[in-house]
Each structure stands twice: as structure tokens, then as C-alpha cells.
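Structure first, commentary second.
The values are calculated or read from the model by the stated rules, or taken from the named source; none is laboratory data. Keep in mind that this is a model prediction, so the values were computed, not measured. So basically every Cβ, Gly included, is an ideal-geometry build from the backbone, and we count neighbours across all protein chains shown.
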Amino acid sequence: MCSLSKPLRQKIDRTKTINKPAKKPSLPPLNNICDIDTLRTLIKKNKVRIVDVRKKEDYLKGHIKTAVSLPLAELLANDDPESIIAILNKLGISENIPVVIYDDTFGALASRVAWSFKFVGHENVALLEVTYDTWRKLGLEIERKSNKYPKTSHPLKVDYSIFADAEYIEKAQNDKNKIIIDSRERLNFLTEHIPNSKNIPYTMLRSENSILRSPLELKRFIENRGIDSNNEIITYCGSVGTLSGLTFFALKTAGLSNVKLYPKSFKEWKSLGKPKTEFKDATYWDLSAE
């Protein structure tokens, strides 16, 4: 069964006449999260590139039909814009093809890859709403063959509007119009964090059946924490931007437009000797993000 998703709705062309053949309905661009039914339709129409970011050995044991393999470690080994574009070309991802990315780790690994694709200019990319394990348990289409596609030539259009580095974070710390969000679990945040940052643990963004709550739930969740949608939001986590990548997509799903990711995150911040806030005497109540 596929009760998690809404049926794909096609727009009706009301301008057609008897003498004018109807145009084939086009599939809408993906919007941060791709539901199961939409992905299955795209697979049938051969109009999608699916990217599996699990380890190669897991991919070979079984993956979503037509998916290509891109272990996260391969992307992180060299994630400058030119290298990411080389990966897109290698996987046969042209500029306009929809891309859906999944993992088996509640969407965090997939989020980091999806953000990287957006960063170099591939806008039509989304996370699958469920993990591979859920997809498999639903009895949906899987295969074991290794998929490869003809190489492409994807243009490089770096989008710095979604990127932040340590220097940018330093300037944002005392800007009332910018909010820095730490996506780690509460205890890690209390131990040490970037000064003036707020804590929204990634675990609070997920639902029982999906990698993220519904857009309405996320919107209410963000509003209840005093975050104005007009603010610029910058997310970070512990090391490589996976948990904060999930937060990035959660904020986008909630309708916030001005969101950045600090991909090098707290690991780089500390290595650079930047100031940090420590909370050495946390109590039981301090551990609650509520």
C-alpha cells in the first residue's frame, strides 16, 4: 500500500479545441520533498534520475528501480563546485531532469547530497519522503543491477544564496535579522555551540512515517520557536552538514525562502579556533528542547 502519498494530480488544459490536439500534461517541478506516487509516475515515464547515497555494497544488494549509486563519502571526498558538477555529468544528470535522492538514514545523508546539487545550480532536486527500507517494506519496485547513463554536460551556476562559511557566521552572530540554528541533539548543543545560536534538534523535525513532518506541521513548529519567516536562517551541525542539511530542507518545506547551510559546520568552526559557548552545569530541564 502507498498511503503515505497523495495521488499525482495533472492539470487540465481547458484551452484545447476539437481542431487543436491536446498537449501532453507536463509533470510539475519537484519541491524539496517527493512523495512515493510522484516518484513511481516519474519512473514509469522515464523522466527522473534517482540517486542512492548509501554505501555501494548496500546499493548492490537492492535499490529503487533505475537508481544510480553515489555514496555520500564519494561526494564529500572533494565537494568543491567543479567536482560536484563532474559527479552530475558522470551520473547522466542534465540541467532540467528531476532528481530524487534517498538514503536509509532518515534523510540526513540524502539531504547533504541534495543541497550540494542545488548549490552548483541543479534546482529540480528533492528528497524522497521515505527511506529505502520503508520503500522496500511497502513492496515497491526494487532491483539489483547497477545502473549507468550517458554522460551529460551540466552547466555550473553556483548559488551562494544557500551557502555560509565561518566568516559569514561570524558576521551573522550579532545580526538581529539572521538566526543561526544548531541541528544537533540537545546535549551536544549544551556541551558547546556557536555563540548566539538556537537549538532545533533534527529529531524533532521527523514524523513516524516520513523523513520530515508535513509542511503545515513544520510551519507551526518553526513559528512556535519564535522564528520569523522573514529572518535569514543559517543551519549547522557537528561536522559535514548532514543533520543541518535535513534542517535546511525542513525549513524550505515549511515555506521559509531565505535559508543557508554552513556545510563545514561546528567541526571546522572549532578547528579555526572560533569562540564557542559552553554550558557545563546543565540540568534535566536544560536537556529539553521544548
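Can you pull out the residues in segment 163-185 that are under 19 Å from Lys270 (Cβ atoms) and charged (D, E, K, R)?
Of all residues in segment 163-185, those under 19 Å from Lys270 (Cβ atoms) come to 164-173, 180-185.
The answer is Asp165, Glu167, Glu170, Lys171, Asp182, Arg184, Glu185.
In segment 262-278, what count of residues is obtained for those that are assigned to a loop (DSSP other than H, G, I, E, B) and either of a type in the set (Gly, Ala, Ser) or modelled with pLDDT of 95 or more (or both)? First the steps, then the outcome.
Keep residues of segment 262-278 that are assigned to a loop (DSSP other than H, G, I, E, B), which gives 262-264, 272-276, 278.
This time we only want the ones that are either of a type in the set (Gly, Ala, Ser) or modelled with pLDDT of 95 or more (or both), so: 262-264, 272-276.
Residues meeting the conditions: 8.
Can you go through Asn89, Asn31 and tell me which one is touching a strand residue (DSSP E or B) at 6+ places or on another chain (Cβ under 8 Å), in contact (Cβ under 8 Å) with a residue 60 or more places away in the chain, closer than 24 Å to Asp159 by Cβ and surrounded by fewer than 19 Cβ atoms within 10 Å (Cβ to Cβ)? Let's see the steps before the verdict.
Working: Asn89 fails: touching a strand residue (DSSP E or B) at 6+ places or on another chain (Cβ under 8 Å).
Just a single option satisfies the conditions, and that option is Asn31.
Asp165 fails exactly one of the following numbered conditions: (1) closer than 30 Å to Val99 by Cα; (2) buried (at least 17 other Cβ atoms within 10 Å of the Cβ); (3) assigned by TED's automatic domain parsing to the domain that holds Gly241. What is the number of that condition?
It is condition (2) that Asp165 fails.
So how many residues does segment 85-116 have that are hydrophobic (A, V, I, L, M, F, W, C) and over 15 Å from Val240 (Cα atoms)?
Going residue by residue through segment 85-116, those that are hydrophobic (A, V, I, L, M, F, W, C) are 85-88, 91, 93, 97, 99-101, 106, 108-110, 113-115.
The next check asks that each one be over 15 Å from Val240 (Cα atoms); those that pass are 85-88, 91, 93, 97, 99-101, 106.
Looking only at that region, the number is 11.
Report those helices (runs of 4 or more DSSP H) wholly inside segment 156-261 carrying at least 1 residues which are over 16 Å from the mean Cα position of the chain (by Cα) and of a type in the set (A, V, I, L, M, F, W, C). Spell out the reasoning first.
Details: elements: 166-172, 186-191, 215-224, 243-253.
Passing ranges, in order: 166-172, 186-191, 215-224.
Kindly evaluate Glu123 against the criterion of being among the acidic types (Asp, Glu), surrounded by fewer than 18 Cβ atoms within 10 Å (Cβ to Cβ) and under 23 Å from the mean Cα position of the chain (by Cα). Outline the logic, then answer.
On the way: among the acidic types (Asp, Glu): yes; surrounded by fewer than 18 Cβ atoms within 10 Å (Cβ to Cβ): yes; under 23 Å from the mean Cα position of the chain (by Cα): yes.
The answer is yes for Glu123.
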